[in-house]
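Everything below concerns the one structure shown next.
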Amino acid sequence: MLKTIILLGAPGAGKGTNAKRITKEFNIPHISTGDMFREALKNETELGKLAKSYMDKGLLVPDEVTISLVKERLAKDDCKDGFLLDGFPRTLHQAEELEKIGETINRPINYVIDINVPESVLKDRICGRRVCKNCGAPYHVTNLKPKVEGVCDLCGGELIQRKDDNEEALKTRLDEYHRQTEPLIEFYSKKGIIHEVNGTKDLDELMSDIKEILK
Ligand code: ADP
Ligand code: ZN
């Protein structure tokens, strides 16, 4: 079946890390709304400035903005043989709009993978997370160290801490997740396309579970 995939999970569940592995394995585009907003911010566009005011506090960017961004992205040619959405949808309204987009481009979502991680683990992961300023690759101060401290293994870029990776913003992000995103689990369960995976597993083990689901 066509690999049209949504990755669900709380902040810190490992969506970004696993998204990179999955999209490499299946050679499909990795569409991360968080990355798209951060890219817009780096380029100092209007979209970037707007998104920043929400992201820094851990709040969701308004639906209209996010939905049109994704709609535009999914219409691109590289999505016709599949794609992976990381961080979208995050609200029921986004999920409903995504259904319509899927119909328009004739690519319904075939797989939803929900990465489960206990809340106690999320905090440590988020607060210890570092990312490459240049390519966005994720690291962790104790769990996923780069070969050379402060330097990206992949591109040599500088490793930095995201502005919303602190305890206060995380609290808001978790509240937003419970209130707005968690209802999507039921939404996709009813459609019979959701698969739960254990996000505390070793990354290779988790990847083999995911491949089993996607085969
Ligand atoms: P995480 O999953 O670790 O919280 P992301 O990089 O996916 O991080 O998202 C960072 C921020 O970008 C969110 O806190 C939110 O402000 C914004 N964002 C990303 N995706 C969406 C979305 N689908 N809807 C609204 N806001 C979003
Ligand atoms: Zn890098």
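No lab work stands behind these numbers, since they all come straight from the coordinates. As the structure is a prediction and not an experimental result, all values here were calculated from the model. Please note: Cβ atoms are built from the backbone with ideal geometry, for glycine as well, and neighbour counts cover all protein chains shown.
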Determine the shape class of the range 1-97: with a ≥ b ≥ c the square roots of the Cα gyration tensor eigenvalues, call it rounded for a/c under 1.5, and otherwise prolate if a/b is greater than b/c, oblate otherwise. prolate
Want the number for Ile193 to Glu64: 0.36 nm per residue separation, take away the alpha-carbon distance, what's left? 43.9 nm
Once amide H atoms are placed 1.01 Å from N in the peptide plane, what residues at a sequence separation of 5 or more from Ser32, or on another chain, have their amide H within under 5 Å of its amide H? Asp86
Using only the alpha carbons of the chain, what is the convex hull's orientation-averaged projected area in square nanometres? 11.2
For Val197, net neighbour charge (Lys/Arg +1, Asp/Glu -1) across residues whose Cβ lies under 9 Å away: -2
Which stretch or stretches of the range 153-172 have amide N atoms under 15 Å from the point lying 7 Å from Cys135's Cα along the Cα→Cβ direction? 153-160
Going by C-beta contacts inside 10 Å, put Lys20, Lys42, Lys147, Lys133 in order with the fewest on the left. Lys147, Lys42, Lys133, Lys20
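Placing +1 at every Lys and Arg Cβ and -1 at every Asp and Glu Cβ, with all other atoms neutral, what dipole size does the range 20-147 have around its Cα centre, in debye to the nearest 20?
840
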Please give the net charge around His93, taking every other residue with its beta carbon less than 12 angstrom from that of His93, where Lys and Arg add +1 and Asp and Glu add -1. -3
Work out which GluC sites (Glu not before Pro) in the chain are exposed loop sites (DSSP not H, G, I, E or B, at most 16 other Cβ within 10 Å) and give the longest gap free of them. 45-148
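Could you work out how much longer the chain between Lys49 and Glu119 gets when fully extended? Use 0.36 nm per residue separation minus the Cα distance between them, nm to one decimal.
The span from Lys49 to Glu119 would gain 22.2 nm if fully extended.
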For the chain, with +1 on Lys and Arg beta carbons and -1 on Asp and Glu, the positive-most of Pro183, Pro146, Leu7 along the dipole: Pro146
Can you list residues from other chains, or at least 5 along the same chain, whose modelled amide H is less than 5 Å from the amide H of Glu196? Asp114
Exposure proxy check on Met55, Met1, Met207: fewest-to-most Cβ neighbours within 10 Å is Met1, Met207, Met55
Relative pair counts by distance (%), Cα atoms of the range 78-164, 5 Å bins: 3, 12, 16, 15, 14, 15, 14, 10, 2, 0
